[in-house]
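Notes for the one structure printed next.
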There are 2 protein chains.
Amino acid sequence: LASAGDHLFGYGDPAGLAELRVELASYLNRARHTAATADSIVVTAGTARSLTHLAGVLRASGVEAMAVEEPGFPFHHPILRRAGLQLVPVPVDGEGVDVDALAATGLTAVVVTPAHQYPLGTVMSPQRRSELVAWARSRQGWVFEDDYDSEFRYDRQPLGALHGIAPDRVVYLGTASKTLGAGLRVGWMVVPPQLRGLMSDQLGRDNEVSHLTQAVLARFIADGHLDRHVRRARAAYRSRRDQLLGAVQSAIDSADIRGVAAGLHLTLVLPDRLDEHTIVRYASKAHGLALWGLRLHYVTDRAVDGLVLGYCRTPVDFGDSVARLSTILRHAPTG
Amino acid sequence: LASAGDHLFGYGDPAGLAELRVELASYLNRARHTAATADSIVVTAGTARSLTHLAGVLRASGVEAMAVEEPGFPFHHPILRRAGLQLVPVPVDGEGVDVDALAATGLTAVVVTPAHQYPLGTVMSPQRRSELVAWARSRQGWVFEDDYDSEFRYDRQPLGALHGIAPDRVVYLGTASKTLGAGLRVGWMVVPPQLRGLMSDQLGRDNEVSHLTQAVLARFIADGHLDRHVRRARAAYRSRRDQLLGAVQSAIDSADIRGVAAGLHLTLVLPDRLDEHTIVRYASKAHGLALWGLRLHYVTDRAVDGLVLGYCRTPVDFGDSVARLSTILRHAPTG
């Protein structure tokens, strides 16, 4: 506060504090290989708000529907629908979103999670990334890249963001919610030049994030604290991932586990003989264990039965809950 | 931070931090005679966001148009329009918004500034408040009460908020932007029971204000700092108001000054022989003085020619700028 300028107390730039946008561009280009400039960045109160603004931009440009990954993050759907967009699900396979299926929809916008598909945990392959960018360029379309937990890639160097190879067609969405805390309510977008006029109309005259918070975060990044914190957090989460993975593999025979390379959750695909709804109901009733299933991430009947196992907020000793899960899988009614 | 609970770092309640809503209800009921409860309060990133959410609520309930005061705050209009509402201007007279004219529109929602009409500075009379509430009850309509600078009433006890006499029909909108600083990006609404379901749908799953900011503000109010700060600020602004008023009255013969009882600005209505556009253009070209006219606050051709003179951010010595204004008014082309 002693070094804060008076400008922190006024209404400020609708896109966010200049000093934070400079630091974010530099951080994202270094850590995520984006092609961001300070001018291309908009600071928001988180990814939900970023999507609200982007949906408004699409609607203002006459777009009425967009594609979403299936399975996908169900909490994003009402945000996009509230802004007046129809959502069309496009399947995800082992390399990421199915670009042929996307092209077949005839739509011009899609939201994807290339760094770590939610909920399957797939890292989008380089080949698929090229196809997606080629699709966007040929359609003059837009890819919203939700890079929510990209800082946590464990077993090799992370792939850079899609934005880095197509800053003209990709809107990059990031957040402090996974690295620093959701309670900060800070996220950011990197917006292609062609959308900036419409985005400016959407934002109106005011930014939505406390200027003090923005100034503190700018300093935090500039002084190298974010890089150090992410490094420490990555090591801590990798260790939790290893423990959870080990516990699941030793307690559950031939477990079909996906999405281990990155992020803050694993996906356990259930064997054919087990029904997800039955398992979830049985776990709650007979064992007091709340499970989070895969099915609610699907809009169509393509659903794969499975469980999402998060390890970001859980205690480090997963032994007990995995043992209970193993018992549930062995004793739940089949069908 | 030492006493902050873990809950500050999670996603939290979409309506805002419980401890802040408790303190705001108590503060508003004490300082503004609202009839708020913690449950009725929604914390937002400021009045622009409050209006965005409210416009969404109206649209979701099938409302397509709403009334606004004329003259009114022009920056609010695009926010309401962006949410899909048509705006119908209703005139303001010396007692506040014209309720007969409002009733004649057949609409069911209006946004008003009863504490200090923007830009005319009128304090809505008790009689007019009763008429407005009777209108809302008879139509099952909604009054959005923008109480933006109500803390600053100088010459007698402030009138309580409209909300206090009709909490079933009035949505109260407040902000920290005028008392603490716009850069905090914190505002609040008090929402009638009947609108809370729709408001909850609008808010979605996330609140938009940093939980740390909310926790600090809750403590700031609980410890009495906000009351003390507002008292000090009121004295400071009253002194600036007196100096500006004195300077205008001594430099400009028979100046028609309105809205002196409250707020952070005066309105100087121009004599018939002077044209506002000519004055504003001449002031800028010949004297390098940027003036803020009344006309841009009107949508129809009912405009009164005048100037809005703010004193919240200007230096305390108004002598020089008022002397220049006086010169401009005497030497500008008439017509």
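The values are calculated or read from the model by the stated rules, or taken from the named source; none is laboratory data. Bear in mind the structure is a predicted one, so any value in this text is a computation, not a measurement. Using ideal geometry, Cβ is built from the backbone for each residue, glycine included, and neighbour counts are taken over all protein chains shown. Surface accessibility is based on the protein's heavy atoms, side chains included, excluding ligands, DNA and RNA. Shrake-Rupley method; radii C 1.70, N 1.55, O 1.52, S 1.80 Å.
Residue-level check: of (1) under 19 Å from the mean Cα position of the chain (by Cα); (2) under 30 Å from B:Val308 (Cα atoms); (3) open to solvent by 10 Å² or more (accessible area, probe 1.4 Å), B:Asn29 misses just (2).
A quick yes/no check of all residues on (1) of a type outside the set (Ser, Thr, Tyr); (2) in contact with a Gly (Cβ under 9 Å, 6 or more places away or on another chain):
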residue: A:Pro126; (1), (2): yes, no
residue: A:Ala136; (1), (2): yes, no
residue: A:Val143; (1), (2): yes, no
residue: A:Tyr148; (1), (2): no, yes
residue: A:Arg156; (1), (2): yes, no
residue: A:Val170; (1), (2): yes, yes
residue: A:Trp188; (1), (2): yes, yes
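Only one entry of A:Gly62, A:Gly72, A:Gly46, A:Gly56 meets the criterion of being more than 14 Å from chain B (Cβ to nearest Cβ), open to solvent by less than 20 Å² (accessible area, probe 1.4 Å) and of a type in the set (Gly, Ala, Ser), and that entry is A:Gly72.
Being of a type in the set (Val, Ile, Thr) and open to solvent by less than 20 Å² (accessible area, probe 1.4 Å) is the filter here, so list the residues in segment B:80-91 that pass it. Hit for segment B:80-91 is B:Val90, nothing else. Inclusion of B:Asp98 among residues that are under 30 Å from A:Ser50 (Cβ atoms) and more than 14 Å from every other protein chain (Cβ to nearest Cβ) is not warranted.
Of all residues in segment B:1-26, how many are open to solvent by less than 30 Å² (accessible area, probe 1.4 Å) and more than 16 Å from B:Ile221 (Cα to Cα)? So the answer is 4. Can you work out which of the residues in segment A:243-264 that are within 27 Å of A:Val230 (Cβ to Cβ), touching a residue at least 60 places away in the same chain (Cβ under 8 Å) and open to solvent by 10 Å² or more (accessible area, probe 1.4 Å) is nearest to the chain's Cα centre (by Cα)? Here the residue is A:Leu264. Looking only at residues of segment A:165-181 that are more than 10 Å from chain B (Cβ to nearest Cβ), in a helix (DSSP H, G or I) and not charged (D, E, K, R), we find that the one that is least open to solvent (accessible area, probe 1.4 Å) is A:Thr179.
In summary, A:Ala136 fulfils each of the numbered conditions (1) at pLDDT 95 or above; (2) in contact with a helix residue (DSSP H, G or I) (Cβ under 8 Å, 6 or more places away or on another chain) with the single exception of condition (2).
Restricting the first member to segment A:7-30 and to residues that are more than 13 Å from chain B (Cβ to nearest Cβ) and within 20 Å of A:Arg196 (Cα to Cα), and the second to residues that are among the aromatic types (Phe, Trp, Tyr) and surrounded by fewer than 22 Cβ atoms within 10 Å (Cβ to Cβ), the beta-carbon pairs closer than 9 Å and six or more apart or on different chains are A:Glu23/A:Phe220.
Within segment B:182-230, take every residue that is among the polar types (S, T, N, Q) and outside any helix (DSSP H, G or I) and give me the one that is farthest from the other protein chains (Cβ to nearest Cβ).
Residue satisfying both the conditions and the ranking: B:Asn207.
Of all residues in segment A:265-301, those satisfying the criterion of being assigned to a helix (DSSP H, G or I), more than 25 Å from the chain's Cα centre (by Cα) and in contact (Cβ under 8 Å) with a residue 40 or more places away in the chain are A:Thr278, A:Ile279, A:Tyr282, A:Ala283, A:Ala286, A:His287. Taking the criterion of being of a type in the set (S, T, N, Q), open to solvent by 20 Å² or more (accessible area, probe 1.4 Å) and either within 14 Å of chain A (Cβ to nearest Cβ) or closer than 30 Å to B:Arg156 by Cβ (or both), would at least one residue in segment B:280-299 satisfy it? Looking through segment B:280-299, none of the residues is of a type in the set (S, T, N, Q), open to solvent by 20 Å² or more (accessible area, probe 1.4 Å) and either within 14 Å of chain A (Cβ to nearest Cβ) or closer than 30 Å to B:Arg156 by Cβ (or both).
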